[in-house]
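Please read the structure below before turning to the comments.
The values are calculated or read from the model by the stated rules, or taken from the named source; none is laboratory data. Note that the coordinates shown come from a computational prediction; the quantities given were computed from them, not determined experimentally. Here the Cβ positions follow ideal geometry from the backbone for every residue, glycine too, while neighbour counts run over all protein chains shown.
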Amino acid sequence: MKTSLEARMRDEVAIVTGSTSGLGRAIARRFAAEGARVVVTGRNRERGEAVLETLAGLPGEGVFLPADLSDEEQCAELVARTVDRFGSLTVLVNNAVAKEVTPPQAPIDRLATQTWHGVLHVGLTAVMWLCRAAIPEMRRAGHGSIVNVSSRAAERAVPGMPAYSAAKGGMNALTRSIATDFAAEAIRCNTLAPGYVINDGREVLSDERRTHFENMHLTRLPIDDDIAAAAAFLASPDSEVITGILLPVDGGSSTAARAKSFG
């Protein structure tokens, strides 16, 4: 029997990295709306507390735990503090990106080593650190779901962003490896690949740019809530037979470009 959305994740405890803004914030809110206990995390306490205010009155519960994911010890501590607070951990969403991602990096011949390491540390190495710490807790809980938020850039490179593309490509491969190694223990791992998403800083587009982006999509431009809905599905018991997949959430833009008119 299907469970209502308000209670679908009531037995889940989730960490959502990079959840003080953008996609992570929307995912944390969706999880709380479905009854989960959610750890909002990032480096900015003020923004984290502001996210918690948006969770007030929802069926779930939220707490802000600060962490610098470029630090291996802080990744392990984030998992330990989550278990101390809520008693278990069953869902991990790896959504954080390094500050070096914006502004755009540079082609590889002009890419600073520091930028490369910064992007890879948060976008890939920290994902490994967090999964390594989370999986034993999921094993103790009897089940778990890891949702890695990747990007189309892993398959279709963005000019001037080689480190970001490499990190996301590595994340996709790591997802498949984790799914293979832990499926027998009811621990799943899947990847979301958002396309161009309308969110913070992207709400205002000129008519020309909006037409350009719309023509890349078969349906419409995705928004944060579309990504959050997909993440909630992959985190919830409704997807318990799904593991190791890469799910594009991109309005069909990875399939084909929409015709400019339908004549």
* Asked: Which of the residues belonging to segment 213-240 are farther than 29 Å from Glu12 by Cβ, modelled with pLDDT of 70 or more and of a type in the set (D, E, K, R)?
  -> Arg220
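Pick out the one residue from Thr175, Thr180, Thr191, Thr243 that is surrounded by 18 or more Cβ atoms within 10 Å (Cβ to Cβ), at pLDDT 95 or above, in a helix (DSSP H, G or I) and hydroxyl-bearing (Ser, Thr, Tyr). Lay out the reasoning, then the answer.
Working: Thr180 fails: surrounded by 18 or more Cβ atoms within 10 Å (Cβ to Cβ); Thr191 fails: in a helix (DSSP H, G or I); Thr243 fails: in a helix (DSSP H, G or I).
So the residue among Thr175, Thr180, Thr191, Thr243 that is surrounded by 18 or more Cβ atoms within 10 Å (Cβ to Cβ), at pLDDT 95 or above, in a helix (DSSP H, G or I) and hydroxyl-bearing (Ser, Thr, Tyr) is Thr175.
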* **segment 69-80, residues that are surrounded by 14 or more Cβ atoms within 10 Å (Cβ to Cβ) and touching a residue at least 24 places away in the same chain (Cβ under 8 Å)** => Leu69, Ser70, Glu72, Cys75, Ala76, Leu78, Val79
* Give me a count of the residues in segment 158-196 that are out of contact with any His (no Cβ under 9 Å at 6 or more places or on another chain) and farther than 19 Å from Asn95 by Cα. => 7
* Structure fact -> Of the residues in segment 82-106, those that are touching a helix residue (DSSP H, G or I) at 6+ places or on another chain (Cβ under 6 Å), in a helix (DSSP H, G or I) and modelled with pLDDT of 95 or more come to Val83
* Structure fact -> Scanning segment 55-87 for residues that are among the β-branched types (Val, Ile, Thr) and either within 19 Å of the chain's Cα centre (by Cα) or closer than 16 Å to Val122 by Cα (or both) gives Val63, Val79, Thr82
* To do: Take the residues in segment 222-246 that are aliphatic (A, V, I, L, M) and over 12 Å from the mean Cα position of the chain (by Cα), then tell me which one is farthest from Leu23 (Cα to Cα).
  => Val241
* Structure fact -> Here the residues within segment 44-59 that are without any contact (Cβ under 8 Å) to a residue 12 or more places away in the chain and assigned to a loop (DSSP other than H, G, I, E, B) are Ala56, Gly57
* Name the residues in segment 84-95 that are surrounded by fewer than 18 Cβ atoms within 10 Å (Cβ to Cβ) and not acidic (Asp, Glu), would you? -> Arg85, Gly87, Ser88
* When only residues in segment 138-148 that are over 17 Å from the mean Cα position of the chain (by Cα) and outside any helix (DSSP H, G or I) count, which is farthest from His117 (Cα to Cα)? -> Gly142
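Just the residues that are free of Cβ contacts under 8 Å to residues at least 60 places away in the same chain and either crowded, with 24+ Cβ neighbours inside 10 Å or in a loop (DSSP other than H, G, I, E, B) (or both), please, taken from segment 149-166. Let's see the steps before the verdict.
To start, the set of residues in segment 149-166 that are free of Cβ contacts under 8 Å to residues at least 60 places away in the same chain comprises 151, 153-154, 157-160, 162, 165-166.
Hits for segment 149-166 are Ser151, Ala157, Val158, Pro159, Gly160.
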* **Odd one out for Val149 among (1) touching a strand residue (DSSP E or B) at 6+ places or on another chain (Cβ under 6 Å); (2) at positive phi** => (2)
* Checking Glu208 against (1) outside any helix (DSSP H, G or I); (2) among the charged types (D, E, K, R); (3) at pLDDT 60 or above; (4) more than 24 Å from Glu34 (Cβ to Cβ), which single condition isn't satisfied? -> (1)
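Report yes if Ala50 is under 16 Å from Asp225 (Cβ atoms) and at pLDDT 95 or above, otherwise no.
Values: under 16 Å from Asp225 (Cβ atoms): no; at pLDDT 95 or above: yes.
It is false that Ala50 is under 16 Å from Asp225 (Cβ atoms) and at pLDDT 95 or above.
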* To do: Please determine, by comparing only the residues of segment 20-31 that are in contact (Cβ under 8 Å) with a residue 40 or more places away in the chain and closer than 18 Å to Phe86 by Cα, which one is surrounded by the most Cβ atoms within 10 Å (Cβ to Cβ).
  => Phe31
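Could you grab me the full set of residues in segment 194-205 that are at pLDDT 65 or above and over 15 Å from Pro248 (Cα atoms)? Before the answer, list the steps.
If we filter segment 194-205 for residues that are at pLDDT 65 or above, which is where we start, we get 194-199.
Of everything in segment 194-205, those that are at pLDDT 65 or above and over 15 Å from Pro248 (Cα atoms) turn out to be Ile198, Asn199.
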* Structure fact -> Here the qualifying pairs (Cβ atoms under 7 Å; residues six or more apart or on different chains; first in segment 107-131 and modelled with pLDDT under 95; second among the acidic types (Asp, Glu)) come out as Thr115/Glu100; Gly118/Glu100; Val119/Glu100
